[in-house]
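The block underneath contains the structure these notes are about, expressed in structure tokens.
The values are calculated or read from the model by the stated rules, or taken from the named source; none is laboratory data. Predicted model only: the values in this text are computed from it and were never measured. Don't worry about glycine lacking a Cβ; one is built from the backbone with ideal geometry, like all the others, and counts go over all protein chains shown.
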Amino acid sequence: MTTGQQRPEPGSKSETASTVRDTVGGLAAKAMATTADTVDTFGEKATVANLYELEAANIALRRSSREDVKQFAQRMLDDHTKMKTELRSLLGEAQGAGMPPDHVDKLHQTMLDDLAGASDKDFDHRYIQQQKKAHSEALTLFRTYADDGEDTRLKDLCRQGIPVLEEHARLAEQLDRH
């Protein structure tokens, strides 16, 4: 959450409007992920995606009414905390890499605001839908860099991360079927 902004109260956002916003945002983010072949571009996009995952998981742990969703959120928190540490370490060592951001971009902040503003009734569905889109974006990002990236160690990190992200996407799909 950016400084100075208040979190939306639960139930303050329309499910339909949020679905449209999340879909458009997800498509835009996925399109941008296909261009992440430099260290700086990949580092920024991967860091922002990771920060989104961590914040969304924390919201889900507080708000979800489903135990399976809470377990998934805890897994996201654990796996993406590990990824954040590894990513920051490699970005710090990569030549020419700028400082990775310490907050999400406007697109991901809008998703987090919509998630925080979901009604109790709509929360789990919205979180699951966002997770499906977020992991599709992350897979595009990691596959693009693994294939076309310029730093060998970051490419290796992507190759190691792809199976984890594929598992997350599979788990999100399973949650959506329940």
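Data overview
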{"read-out": "Some residue of segment 43-61 being without any contact (Cβ under 8 Å) to a residue 60 or more places away in the chain and either of a type in the set (K, R) or in contact with a Gly (Cβ under 6 Å, 6 or more places away or on another chain) (or both)", "value": "no"}
{"read-out": "When residues of segment 40-65 are limited to those that are among the hydroxyl-bearing types (S, T, Y) and within 20 Å of I162 (Cα to Cα), the one modelled with the lowest pLDDT", "value": "T41"}
{"read-out": "Unmet requirement for L112, which otherwise passes all of (1) more than 17 Å from V48 (Cβ to Cβ); (2) modelled with pLDDT of 95 or more", "value": "(1)"}
{"read-out": "Test: residue in segment 39-53 that is out of contact with any Ser or Thr (no Cβ under 7 Å at 6 or more places or on another chain), part of a helix (DSSP H, G or I) and closer than 19 Å to Q174 by Cβ", "value": "yes"}
{"read-out": "Yes/no for L154 being hydrophobic (A, V, I, L, M, F, W, C), free of Cβ contacts under 8 Å to residues at least 60 places away in the same chain and part of a helix (DSSP H, G or I)", "value": "no"}
{"read-out": "Search result, residues across segment 161-178 that are out of contact with any helix residue (DSSP H, G or I) (no Cβ under 6 Å at 6 or more places or on another chain), of a type in the set (D, E, K, R) and part of a helix (DSSP H, G or I)", "value": "E166, E167, R170, E173"}
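The rows are residues; the columns are (1) of a type outside the set (A, V, I, L, M); (2) out of contact with any Gly (no Cβ under 7 Å at 6 or more places or on another chain); (3) closer than 14 Å to F42 by Cα; (4) free of Cβ contacts under 8 Å to residues at least 60 places away in the same chain.
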| residue | (1), (2), (3), (4) |
| --- | --- |
| L91 | no, no, yes, no |
| D102 | yes, yes, no, yes |
| L107 | no, no, no, no |
| A134 | no, yes, no, no |
| T144 | yes, yes, yes, no |
| H168 | yes, yes, no, no |
| D176 | yes, yes, no, yes |
